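Read through the structure below, which is laid out as structure tokens, and then see the notes.
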Amino acid sequence: FRRVLFRSYSPVSLKESGKWLPGLDEFTAEHDGLTYRFVDAEERERFLKSPEQFAVQEGGRDVVVWDEVHKQLVGSTRFAAYYNGQLYLFYSRESRAQFKKNPARYARGRQAAWQIHPSEWGVRLLE
């Protein structure tokens with residue numbers, strides 16, 4: 001059993017177009033023990049070439065809950081946000097709001113080494 005993230009939404013579509021597009025069963029990839037689905041073969045290939053640009057941080061676990069109470073809760077696509085080009089999922093709206101107050105605290109050291117486009121700086125909530 002492998003956990004599929006984003007309720008099967010494509011992380012490539014989300015990052016590149018800001019749209020929650022459903023991925024298809026025939027276009028999947030494994031990364032860090034998680035299964036991701038994609039809209040088409042081209043998206044899958046882009047993900048495989050550079051998964052760190054698209055993969056959810058911390059395996060989709062809520063970094064605020066972990067930092068505050070050391071409990072591992074899986075985040076939801078309902079409470080997602082980008083910070084410095086990286087996607088985070090949160091268990092609740094409150095947890096996401098706490099992250100927004102001080103994202104550097106919760107993302108500490110988790111920021112990617114690749115070049116970040118200026119439009120992705122700061123916290124961008126996804127709803």
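Whole number in Å², please: accessible area per residue of the range 1-100, 1.4 Å probe, ligands, DNA and RNA not counted. Walk me through the numbers on the way to the answer.
On the way: 5080 Å² over 100 residues.
On a per-residue basis, the range 1-100 sits at 51 Å².
Could you tell me how many cubic angstrom of Cα convex hull volume the range 1-89 has per residue? Provide the component values of the computation, followed by the final result.
On the way: hull volume 8.2 nm³, N = 89.
Considering the Cα atoms of the range 1-89, their hull volume per residue is 92 Å³.
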Checklist entry - In the range 8-114, carbon and sulfur make up what percent of the accessible area (probe 1.4 Å)? => result 47
Item to check | Sequence-distant residues sharing a close amide H with Tyr9 (under 5 Å, placed H) | outcome: Gly23
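The values are calculated or read from the model by the stated rules, or taken from the named source; none is laboratory data. Values in this document were obtained by computation on a predicted structure and should not be read as measured data. SASA here: full protein model, heavy atoms, side chains in, ligands and nucleic acids out. Shrake-Rupley method; radii C 1.70, N 1.55, O 1.52, S 1.80 Å.
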